[in-house]
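**Student:** The structure under discussion is supplied below as C-alpha coordinates; questions concerning it will follow.
The values are calculated or read from the model by the stated rules, or taken from the named source; none is laboratory data. Predicted model, so just to flag it, every value in this text is computed and none were measured. Side chains included, ligands, DNA and RNA excluded: accessible areas come from the protein's heavy atoms. Shrake-Rupley method; radii C 1.70, N 1.55, O 1.52, S 1.80 Å.
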Amino acid sequence: MPATIAITDDDAVTRETLKSYLMDEGFDVLLARSAEELKDLLATAAVDLVLLDIRLPRQDGLTLTRELRAVSEIGIILVSSRAEKLDRIIGLEMGADDYIAKPFEPREILARVRNLLRRLKAPGDQRDDRRRSFAGWTLWLDRMRLTDPQGNPVRLTGAEFELLSTFVCSPGRVMNRDYLLTATTRRKTDATDRTIDSLVRRLRRLIETDPADPRLIVTVHGTGYLFAGDVTQDG
(Lines give C-alpha, C1' and ligand atoms only; values in the text may rest on other atoms or scores of the structure.)
Protein backbone atom coordinates (compact mmCIF):
# COMPACT_ATOMS: atom_id res chain seq x y z
CA MET A 1 0.00 0.00 0.00
CA PRO A 2 1.23 3.53 -0.70
CA ALA A 3 2.45 5.62 2.21
CA THR A 4 0.21 8.42 3.42
CA ILE A 5 1.69 11.89 3.83
CA ALA A 6 0.01 14.79 5.62
CA ILE A 7 1.06 18.19 4.29
CA THR A 8 0.51 20.86 6.93
CA ASP A 9 0.99 24.40 5.66
CA ASP A 10 -1.15 27.54 5.79
CA ASP A 11 -0.09 28.49 2.26
CA ALA A 12 -2.51 27.05 -0.28
CA VAL A 13 -0.03 27.17 -3.16
CA THR A 14 2.55 25.17 -1.21
CA ARG A 15 -0.06 22.61 -0.14
CA GLU A 16 -1.42 22.05 -3.62
CA THR A 17 2.00 22.04 -5.32
CA LEU A 18 3.34 19.37 -2.97
CA LYS A 19 0.10 17.39 -3.10
CA SER A 20 0.16 17.22 -6.89
CA TYR A 21 3.83 16.27 -7.03
CA LEU A 22 3.67 13.59 -4.35
CA MET A 23 0.46 12.07 -5.68
CA ASP A 24 2.09 11.79 -9.10
CA GLU A 25 4.85 9.80 -7.35
CA GLY A 26 2.31 7.35 -5.95
CA PHE A 27 1.72 8.63 -2.42
CA ASP A 28 -1.61 9.20 -0.72
CA VAL A 29 -1.75 12.82 0.41
CA LEU A 30 -3.85 14.58 3.04
CA LEU A 31 -3.90 18.34 3.59
CA ALA A 32 -4.11 20.50 6.71
CA ARG A 33 -3.90 24.25 7.13
CA SER A 34 -3.19 24.34 10.85
CA ALA A 35 -2.12 22.29 13.85
CA GLU A 36 -5.76 21.75 14.75
CA GLU A 37 -6.58 20.33 11.32
CA LEU A 38 -3.55 18.05 11.42
CA LYS A 39 -4.59 16.69 14.83
CA ASP A 40 -8.04 15.95 13.42
CA LEU A 41 -6.46 14.08 10.50
CA LEU A 42 -4.22 12.03 12.78
CA ALA A 43 -7.20 11.07 14.92
CA THR A 44 -9.03 9.55 11.96
CA ALA A 45 -6.41 8.46 9.40
CA ALA A 46 -3.26 6.34 9.39
CA VAL A 47 -0.50 8.79 8.45
CA ASP A 48 3.09 7.67 7.88
CA LEU A 49 4.81 11.03 7.58
CA VAL A 50 4.07 14.70 8.16
CA LEU A 51 5.51 17.59 6.17
CA LEU A 52 5.10 20.32 8.75
CA ASP A 53 5.54 24.04 8.26
CA ILE A 54 7.09 25.80 11.25
CA ARG A 55 5.10 29.01 10.83
CA LEU A 56 1.51 27.95 11.41
CA PRO A 57 -1.35 30.06 12.82
CA ARG A 58 -2.12 29.77 16.55
CA GLN A 59 0.19 26.82 17.25
CA ASP A 60 3.61 26.79 15.59
CA GLY A 61 5.22 23.75 14.05
CA LEU A 62 7.99 23.51 16.64
CA THR A 63 5.54 23.17 19.52
CA LEU A 64 3.47 20.71 17.51
CA THR A 65 6.59 18.64 16.78
CA ARG A 66 7.26 18.29 20.49
CA GLU A 67 3.66 17.23 21.14
CA LEU A 68 3.63 14.68 18.33
CA ARG A 69 6.94 13.15 19.30
CA ALA A 70 5.76 12.68 22.88
CA VAL A 71 2.94 10.39 21.77
CA SER A 72 3.82 9.13 18.29
CA GLU A 73 6.57 7.64 16.16
CA ILE A 74 5.28 9.34 13.01
CA GLY A 75 7.89 10.70 10.62
CA ILE A 76 8.27 14.48 10.79
CA ILE A 77 9.98 16.70 8.23
CA LEU A 78 9.91 20.38 9.12
CA VAL A 79 9.51 22.85 6.27
CA SER A 80 10.11 26.55 6.80
CA SER A 81 10.88 29.80 5.02
CA ARG A 82 12.80 30.95 8.07
CA ALA A 83 16.55 30.84 7.56
CA GLU A 84 17.65 30.99 11.20
CA LYS A 85 19.87 28.06 12.13
CA LEU A 86 18.41 28.10 15.64
CA ASP A 87 15.01 27.06 14.26
CA ARG A 88 16.57 24.04 12.59
CA ILE A 89 18.45 23.05 15.73
CA ILE A 90 15.42 23.44 18.00
CA GLY A 91 13.21 21.50 15.59
CA LEU A 92 15.63 18.59 15.39
CA GLU A 93 16.16 18.63 19.15
CA MET A 94 12.39 18.43 19.66
CA GLY A 95 12.33 15.22 17.68
CA ALA A 96 11.87 16.13 14.02
CA ASP A 97 13.53 13.68 11.66
CA ASP A 98 14.60 16.21 9.05
CA TYR A 99 14.38 19.88 8.09
CA ILE A 100 14.18 21.62 4.74
CA ALA A 101 14.08 25.35 4.04
CA LYS A 102 11.94 27.18 1.50
CA PRO A 103 12.29 27.73 -1.35
CA PHE A 104 12.82 24.06 -2.11
CA GLU A 105 12.81 21.81 -5.12
CA PRO A 106 9.99 19.23 -5.07
CA ARG A 107 12.54 16.58 -6.03
CA GLU A 108 14.46 17.32 -2.84
CA ILE A 109 11.27 16.89 -0.79
CA LEU A 110 10.64 13.61 -2.60
CA ALA A 111 14.14 12.32 -1.87
CA ARG A 112 13.90 13.18 1.82
CA VAL A 113 10.44 11.65 2.09
CA ARG A 114 11.57 8.40 0.51
CA ASN A 115 14.72 8.20 2.63
CA LEU A 116 12.79 8.76 5.85
CA LEU A 117 10.07 6.25 4.95
CA ARG A 118 12.69 3.60 4.22
CA ARG A 119 14.23 4.15 7.63
CA LEU A 120 10.92 4.20 9.48
CA LYS A 121 9.68 0.99 7.92
CA ALA A 122 13.05 -0.84 8.14
CA PRO A 123 11.68 -4.39 7.99
CA GLY A 124 13.32 -6.73 10.46
CA ASP A 125 13.50 -9.74 8.19
CA GLN A 126 15.17 -8.38 5.05
CA ARG A 127 18.80 -9.05 5.85
CA ASP A 128 21.18 -10.04 8.61
CA ASP A 129 22.99 -6.72 8.72
CA ARG A 130 25.66 -5.26 10.96
CA ARG A 131 24.74 -4.83 14.57
CA ARG A 132 26.22 -3.80 17.91
CA SER A 133 24.92 -5.13 21.22
CA PHE A 134 25.39 -3.55 24.65
CA ALA A 135 23.66 -4.03 28.04
CA GLY A 136 20.94 -6.06 26.35
CA TRP A 137 20.29 -3.42 23.68
CA THR A 138 20.95 -4.04 19.97
CA LEU A 139 21.65 -1.34 17.41
CA TRP A 140 21.17 -2.44 13.79
CA LEU A 141 23.51 -0.20 11.83
CA ASP A 142 22.20 -0.84 8.33
CA ARG A 143 18.53 -0.87 9.27
CA MET A 144 18.87 2.21 11.49
CA ARG A 145 17.02 0.30 14.20
CA LEU A 146 17.35 -0.08 17.98
CA THR A 147 15.80 -2.85 20.07
CA ASP A 148 15.57 -2.90 23.86
CA PRO A 149 16.60 -5.84 26.10
CA GLN A 150 13.15 -7.39 25.57
CA GLY A 151 13.53 -7.21 21.79
CA ASN A 152 11.06 -4.36 21.34
CA PRO A 153 11.87 -1.72 18.73
CA VAL A 154 12.68 1.72 20.12
CA ARG A 155 12.32 4.68 17.83
CA LEU A 156 15.29 6.97 17.27
CA THR A 157 15.38 10.19 15.32
CA GLY A 158 18.05 10.38 12.64
CA ALA A 159 20.28 12.51 14.86
CA GLU A 160 19.93 10.14 17.82
CA PHE A 161 20.76 7.13 15.66
CA GLU A 162 23.86 8.76 14.20
CA LEU A 163 25.21 9.79 17.59
CA LEU A 164 24.53 6.41 19.20
CA SER A 165 26.18 4.68 16.24
CA THR A 166 29.26 6.85 16.70
CA PHE A 167 29.45 5.87 20.36
CA VAL A 168 28.93 2.11 20.01
CA CYS A 169 31.35 1.82 17.10
CA SER A 170 34.13 3.36 19.23
CA PRO A 171 33.57 2.11 22.79
CA GLY A 172 36.05 3.34 25.37
CA ARG A 173 37.23 6.20 23.17
CA VAL A 174 37.00 9.74 24.55
CA MET A 175 35.39 11.95 21.90
CA ASN A 176 35.15 15.69 22.15
CA ARG A 177 32.14 17.63 20.92
CA ASP A 178 33.88 18.87 17.78
CA TYR A 179 34.59 15.29 16.77
CA LEU A 180 31.01 14.26 17.48
CA LEU A 181 29.71 17.18 15.42
CA THR A 182 31.81 16.03 12.49
CA ALA A 183 31.07 12.33 12.90
CA THR A 184 27.34 12.95 13.20
CA THR A 185 26.83 13.83 9.56
CA ARG A 186 23.40 15.44 9.87
CA ARG A 187 24.93 18.00 12.18
CA LYS A 188 27.75 19.39 10.03
CA THR A 189 25.92 22.56 9.05
CA ASP A 190 23.71 23.56 11.94
CA ALA A 191 25.02 21.95 15.10
CA THR A 192 26.53 23.45 18.22
CA ASP A 193 27.90 22.01 21.45
CA ARG A 194 24.43 22.49 22.87
CA THR A 195 23.01 20.17 20.21
CA ILE A 196 25.35 17.34 21.13
CA ASP A 197 24.63 17.78 24.84
CA SER A 198 20.89 17.73 24.17
CA LEU A 199 21.18 14.56 22.08
CA VAL A 200 23.25 12.89 24.80
CA ARG A 201 20.55 13.70 27.36
CA ARG A 202 17.90 12.18 25.11
CA LEU A 203 19.93 9.02 24.52
CA ARG A 204 20.56 8.65 28.24
CA ARG A 205 16.82 8.82 28.91
CA LEU A 206 16.37 6.00 26.40
CA ILE A 207 19.13 3.54 27.26
CA GLU A 208 20.40 4.29 30.76
CA THR A 209 18.92 2.55 33.81
CA ASP A 210 19.39 5.81 35.71
CA PRO A 211 19.90 8.79 33.37
CA ALA A 212 21.03 10.90 36.34
CA ASP A 213 23.85 8.43 36.98
CA PRO A 214 24.84 7.27 33.49
CA ARG A 215 26.95 4.14 33.13
CA LEU A 216 26.95 3.83 29.33
CA ILE A 217 27.39 7.35 27.94
CA VAL A 218 29.84 8.90 30.40
CA THR A 219 30.84 12.56 30.58
CA VAL A 220 34.57 13.23 30.53
CA HIS A 221 34.69 16.66 32.13
CA GLY A 222 36.53 19.27 30.13
CA THR A 223 36.73 17.01 27.09
CA GLY A 224 33.52 15.35 25.94
CA TYR A 225 32.03 11.87 26.20
CA LEU A 226 32.90 8.20 25.95
CA PHE A 227 30.83 5.06 25.63
CA ALA A 228 31.69 2.87 28.61
CA GLY A 229 29.47 -0.12 27.87
CA ASP A 230 30.77 -3.50 26.73
CA VAL A 231 29.94 -3.76 23.04
CA THR A 232 29.79 -6.94 20.99
CA GLN A 233 29.51 -6.83 17.24
CA ASP A 234 28.18 -9.04 14.47
CA GLY A 235 29.16 -8.03 11.00
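**Student:** Would you grab the residues whose amide H sits under 5 Å from the one on Val29? Only those 5+ places off in sequence or on another chain, please, with H modelled 1.01 Å from N.
**Tutor:** Ile5
**Student:** Can you work out the Karplus-derived ³J(HN,Hα) for every residue in the range 39-44? Use 6.51 cos²θ - 1.76 cosθ + 1.60 with θ = phi - 60°, whole Hz, and x for glycine or proline.
**Tutor:** These are the phi-based 3J(HN,Hα) values: 4, 5, 4, 5, 6, 10 Hz.
**Student:** Let me ask something else. Over the chain, with a Gaussian network built from C-alpha contacts below 10 Å, which listed residue (Ala159, Ala70, Ala35) shows the highest mean-square fluctuation?
**Tutor:** Highest fluctuation among the options: Ala70.
**Student:** I'd like to check one number: the per residue accessible area of the chain, probe 1.4 Å, reported in Å² as a whole number.
**Tutor:** On a per-residue basis, the chain sits at 50 Å².
**Student:** What are the residues whose amide H is under 5 Å from the amide H of Leu56, where those residues sit 5 or more places off or on another chain and H is modelled from the backbone?
**Tutor:** Hits under the 5 Å cutoff: Gly61.
**Student:** Can you run phi through the Karplus equation (6.51, -1.76, 1.60; θ = phi - 60°) for the range 149-164 and list ³J(HN,Hα) in whole Hz, with x for Gly and Pro?
**Tutor:** Listing the rounded values in order: x, 8, x, 7, x, 10, 6, 10, 6, x, 5, 5, 4, 5, 5, 5 Hz.
**Student:** Using only helices, what value at 222 nm comes out for the chain when you add -39,500 (n - 2.57) per DSSP H run of length 4 or more and divide by the total residues, to the nearest 500 deg cm²/dmol?
**Tutor:** Calculated mean residue ellipticity at 222 nm is -12000 deg cm²/dmol.
**Student:** Further question: Just to confirm the number: angle between the C-alpha axis of helix 12-24 and the first principal axis of the chain, 0 to 90 degrees, nearest 10?
**Tutor:** 70 degrees
**Student:** Shifting gears a bit: Which angle between 0 and 90 degrees, to the nearest 10, do you get for helix 61-71 versus the longest principal axis of the chain when only C-alpha atoms count?
**Tutor:** Orientation of helix 61-71: about 60 degrees from the principal axis.
**Student:** Ignoring ligands, DNA and RNA, what percent of the accessible area of the range 1-154 is carbon or sulfur (1.4 Å)?
**Tutor:** Of the solvent-accessible surface of the range 1-154, carbon and sulfur hold 49 percent.
**Student:** Using modelled amide H (1.01 Å from N, peptide plane; none on Pro or chain starts), what sits under 5 Å from the amide H of Leu78, excluding residues fewer than 5 places away?
**Tutor:** Sorted by chain and number, the residues that satisfy this are Leu52, Asp97, Asp98, Tyr99, Ile100.
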